[in-house]
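Notes follow once the structure below has been shown.
The values are calculated or read from the model by the stated rules, or taken from the named source; none is laboratory data. The structure displayed is predicted, hence computed values, not measured ones. Using ideal geometry, Cβ is built from the backbone for each residue, glycine included, and neighbour counts are taken over all protein chains shown.
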Amino acid sequence: MDFSVLNEALASKSFNKIADICDNLMLQVAAEGVPFRDEWPFAIHLLGHIYIDDINSARFLWKSIPPAIKESQPEVVAAWKIGQKLWTRDYASVYEAIRELYTKRMFELLQSAYSTISIQDAAQFLGMNVLGQGWTVDPTSRMITVMKQAIVKEQKLDPGKLQRLTEYVFHLEH
């Protein structure tokens, strides 16, 4: 799939054109019958509509995104969270949603990149209280010791177990 036009718009910071470019590309690939859902830049597409204040189109796009994409791409969910706040006219929460996404991303980046970091640098990157994240401050060196996050594994549900549970609940209800 050729995203060169979209990449050019992003590179030239023509953000007001992104929604139209994505809409046209989506219509083009849909007309050709090309499967595109897995590689489509849904977050950029959503943010393009939000940028030009076309919340109705962003909402329609959100509803058309397959659930598997929503589950596997947290940036799409984060982009829609901003759209939701705009849709409900909760403007104060728009800034909170943006800050939450940015802070979380910076926090994860710092955890993976640093074992110790100065207080000033952490404050600059995060804009939050590092002690609240379980980190410790060494008073002599004025450095923060980072607590590594445990790797969370997704638990897959066995279809056989789901079938047995469904039959059990059905039996209880009838």
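Looking at segment 45-61, can you tell me whether even one residue there is out of contact with any strand residue (DSSP E or B) (no Cβ under 6 Å at 6 or more places or on another chain), under 30 Å from ALA123 (Cα atoms) and either in a loop (DSSP other than H, G, I, E, B) or assigned by TED's automatic domain parsing to the domain that holds GLN124 (or both)? So far as segment 45-61 goes, no, none of its residues is out of contact with any strand residue (DSSP E or B) (no Cβ under 6 Å at 6 or more places or on another chain), under 30 Å from ALA123 (Cα atoms) and either in a loop (DSSP other than H, G, I, E, B) or assigned by TED's automatic domain parsing to the domain that holds GLN124 (or both). Considering only segment 1-14, state which residues are surrounded by fewer than 15 Cβ atoms within 10 Å (Cβ to Cβ) and modelled with pLDDT of 85 or more. Selection gives SER4, VAL5, ASN7, GLU8, ALA11, SER12, LYS13, SER14. Close Cβ contacts (under 7 Å, 6 or more residues apart or on different chains) running from residues in segment 69-81 that are within 15 Å of TYR102 (Cα to Cα) to residues that are small (Gly, Ala, Ser) and surrounded by 15 or more Cβ atoms within 10 Å (Cβ to Cβ) comprise GLU75/ALA43; VAL76/ALA43; ALA79/ALA43; LYS81/ALA97. When the residues of segment 50-66 are filtered to those that are under 15 Å from CYS22 (Cβ atoms) and β-branched (Val, Ile, Thr), the one that is surrounded by the fewest Cβ atoms within 10 Å (Cβ to Cβ) is ILE52.
Looking only at segment 85-94, decide whether some residue is assigned to a helix (DSSP H, G or I), under 30 Å from ALA19 (Cβ atoms), of a type in the set (Val, Ile, Thr) and at pLDDT 80 or above. Yes, that holds for at least one residue.
Here's the yes/no breakdown for (1) surrounded by 12 or more Cβ atoms within 10 Å (Cβ to Cβ); (2) closer than 24 Å to ARG99 by Cα; (3) touching a Pro at 6+ places or on another chain (Cβ under 9 Å); (4) modelled with pLDDT under 75:
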position: GLY127; (1), (2), (3), (4): no, yes, no, yes
position: GLY134; (1), (2), (3), (4): no, yes, no, yes
position: PRO139; (1), (2), (3), (4): no, no, no, no
position: ILE144; (1), (2), (3), (4): yes, yes, no, yes
position: GLN149; (1), (2), (3), (4): yes, yes, no, yes
position: VAL152; (1), (2), (3), (4): no, yes, no, yes
position: GLN163; (1), (2), (3), (4): no, no, no, no
position: TYR168; (1), (2), (3), (4): no, no, no, no
position: LEU172; (1), (2), (3), (4): no, no, no, no
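Looking at this structure, is ARG99 among the charged types (D, E, K, R) and in the same structural domain as PHE3 (by TED's automatic domain parsing)? No, not satisfied.
Here is a yes/no grid of residues against (1) assigned by TED's automatic domain parsing to the domain that holds SER4; (2) in a loop (DSSP other than H, G, I, E, B); (3) buried (at least 18 other Cβ atoms within 10 Å of the Cβ); (4) of a type in the set (Phe, Trp, Tyr):
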{"site": "VAL29", "(1), (2), (3), (4)": "yes, no, no, no"}
{"site": "GLU39", "(1), (2), (3), (4)": "yes, yes, no, no"}
{"site": "ALA68", "(1), (2), (3), (4)": "yes, no, no, no"}
{"site": "VAL76", "(1), (2), (3), (4)": "yes, no, yes, no"}
